[in-house]
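J.: Quick one: the structure is below, questions incoming.
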């Protein structure tokens, strides 16, 4: 598995020292936020697991598929939509290659047909969720030598899977679009009026497609927006951030931050490098 072919620049959303964020096929952008390729460090160093920096992943109500190549072995994992923080070790300094498929909220349901309320905050093998998907992705990663080839083939596999579960006139993308457009600051009554769908049916749909009801999802959208704005240094105080982000007051922002991120906004500001949230999902 030697990826010595550069990906087309037009498809690269972002690049860091050891990571590439790559856009999926246009027809998949309703479901997939991006592919992430985590490359081994240029000069890997032996590091014990105790020395790895711990990253706290902010919940984003979506899921991801991860393939890890280390020590000649390829392993797989699938994370369901998250409603609480996940802590992982940052082992990017070691000789580890990873390929991520980062889904948008609702995307994992669209590509597996599995009710997301069953997968919320769970980790399992891809094979347990979808045998075809597991075998197809594993074959691509085990036999391909070029990154462009991997992206093209993964796109093809996901497009085939998406067509299998695609439902005509599914209203969920419209519901999610409305919630994101308002940054989570919309009442369920107004959401129902804007989408012509009943309050109860909206909650049933979101629990199936996203793993949580509309109120929970709206709060999570606000928290992700708050994390992004803090990282962009747009607000200097929690009071100002609460006002601009649509929280009732500063105490509500602090309460939601503690619930979803297990920290306060002030502590988050002091230790932002220890937190990771998805810029391409909200």
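The values are calculated or read from the model by the stated rules, or taken from the named source; none is laboratory data. Owing to the predicted nature of the structure, the values given are computational and were not obtained by experimental measurement. Virtual Cβ from ideal backbone geometry, glycine too; neighbours counted across all protein chains shown.
J.: Kindly provide the set of residues from segment 230-245 that are assigned to a loop (DSSP other than H, G, I, E, B) and surrounded by fewer than 18 Cβ atoms within 10 Å (Cβ to Cβ), ordered by number.
T.: 232, 233, 234, 236, 237
J.: May I ask you to verify whether residue 91 is crowded, with 18+ Cβ neighbours inside 10 Å and more than 23 Å from residue 149 (Cα to Cα)?
T.: Judged against the criteria, residue 91 is a match.
A quick yes/no check of all residues on (1) more than 21 Å from residue 25 (Cα to Cα); (2) in contact with a strand residue (DSSP E or B) (Cβ under 7 Å, 6 or more places away or on another chain); (3) not assigned by TED's automatic domain parsing to the domain that holds residue 81:
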| site | (1), (2), (3) |
| --- | --- |
| 128 | yes, no, no |
| 137 | no, yes, no |
| 149 | no, no, no |
| 186 | yes, no, yes |
| 191 | yes, no, yes |
| 196 | yes, no, yes |
| 223 | yes, no, yes |
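J.: Let me ask something else about it. One residue is enough: does segment 102-110 have a residue meeting the conditions within 16 Å of residue 66 (Cα to Cα), surrounded by fewer than 17 Cβ atoms within 10 Å (Cβ to Cβ) and at pLDDT 95 or above?
T.: No, segment 102-110 has no match at all.
J.: Further, regarding this structure: Among the numbered conditions (1) more than 17 Å from the chain's Cα centre (by Cα); (2) free of Cβ contacts under 8 Å to residues at least 60 places away in the same chain; (3) surrounded by 17 or more Cβ atoms within 10 Å (Cβ to Cβ); (4) in a strand (DSSP E or B), tell me where residue 69 comes up short.
T.: Against the list (1) more than 17 Å from the chain's Cα centre (by Cα); (2) free of Cβ contacts under 8 Å to residues at least 60 places away in the same chain; (3) surrounded by 17 or more Cβ atoms within 10 Å (Cβ to Cβ); (4) in a strand (DSSP E or B), residue 69 comes up short only on (2).
J.: Could I ask something else about it? Considering only residues that are in contact (Cβ under 8 Å) with a residue 40 or more places away in the chain and in contact with a helix residue (DSSP H, G or I) (Cβ under 7 Å, 6 or more places away or on another chain), which ones fall in segment 189-226?
T.: Those that are in contact (Cβ under 8 Å) with a residue 40 or more places away in the chain and in contact with a helix residue (DSSP H, G or I) (Cβ under 7 Å, 6 or more places away or on another chain): 207, 208, 209, 210, 211, 212, 217, 219, 220, 221, 223, 225.
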